[in-house]
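Quick notes on the structure that follows.
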Amino acid sequence: MRIARDALDAVIDHANRCRPEECCGILLTAGDGTVDCVLPALNEEGERPESSYRLGRAAHIEAVRRECTGAARIVGYYHSHPAGPSRPSQTDAARAVRDVTYVVVGLAEDPPVPSGWRWTGEEFAGEPLEIMTHDNADPYQDARREC
């Protein structure tokens, strides 16, 4: 998965702000497939938000709306593990959707480590993150914005 550096920084920032609970959100592209926009979501997990997440409905509806209007395309999803590594858990596997990419940010590591994963239907396969940098004069014109 190709992801803009600013988009990845926004995901890591979201993870740090939500600690000790898991954060979650949607990865979007407006162009060539590179994740260039992130849509943070509310973690609606009511029982164990520190070790599980349930993507907020409002963000998902907004992402689908953008997809339907042609403004962006959903590329995948992200979430954090506040006290764990950057690999999917058994809970993640039980809720995963086939052929969807997930970015997991492990906050137990310093600095936080993001990793990419794709659910095959049977297991998670690592999906390398290709971090793209942009030479924007104004970095807030790109993915750092919460689209």
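The values are calculated or read from the model by the stated rules, or taken from the named source; none is laboratory data. All of these numbers come straight from a predicted model, not from anything done at the bench. Because the Cβ atoms are built from the backbone with ideal geometry, glycine has one as well, and the counts that use them run over all protein chains shown.
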Working carefully through the options Tyr78, Tyr53, find the one that is in a strand (DSSP E or B), modelled with pLDDT of 95 or more and in contact with a His (Cβ under 9 Å, 6 or more places away or on another chain). Tyr78
Count of the range 50-87 residues which are among the polar types (S, T, N, Q), touching a Gly at 6+ places or on another chain (Cβ under 9 Å) and surrounded by fewer than 18 Cβ atoms within 10 Å (Cβ to Cβ): 1
Is it the case that some residue within the range 22-43 is over 23 Å from Glu130 (Cα atoms), at pLDDT 95 or above, assigned to a loop (DSSP other than H, G, I, E, B) and in contact with a Leu (Cβ under 7 Å, 6 or more places away or on another chain)? no
Sort out for me the strands (runs of 3 or more DSSP E) sitting completely within the range 88-139 that have 3 or more residues that are crowded, with 16+ Cβ neighbours inside 10 Å and either touching a His at 6+ places or on another chain (Cβ under 7 Å) or modelled with pLDDT of 95 or more (or both). 101-106, 113-119
Could you check how many residues of the range 90-109 are under 22 Å from Arg57 (Cα atoms), without any contact (Cβ under 8 Å) to a residue 60 or more places away in the chain and not acidic (Asp, Glu)? 10
Out of the residues in the range 34-49 that are within 17 Å of Val11 (Cβ to Cβ) and of a type outside the set (Val, Ile, Thr), which is surrounded by the fewest Cβ atoms within 10 Å (Cβ to Cβ)? Leu42
With in a helix (DSSP H, G or I) and more than 14 Å from the chain's Cα centre (by Cα) as the only criterion, which of Ala71, Ala63, Ala58, Ala15 stands out? Ala58
Would you mind stating whether Val64 is in contact with a strand residue (DSSP E or B) (Cβ under 9 Å, 6 or more places away or on another chain), under 19 Å from Gly126 (Cα atoms) and of a type outside the set (Ser, Thr, Tyr)? no
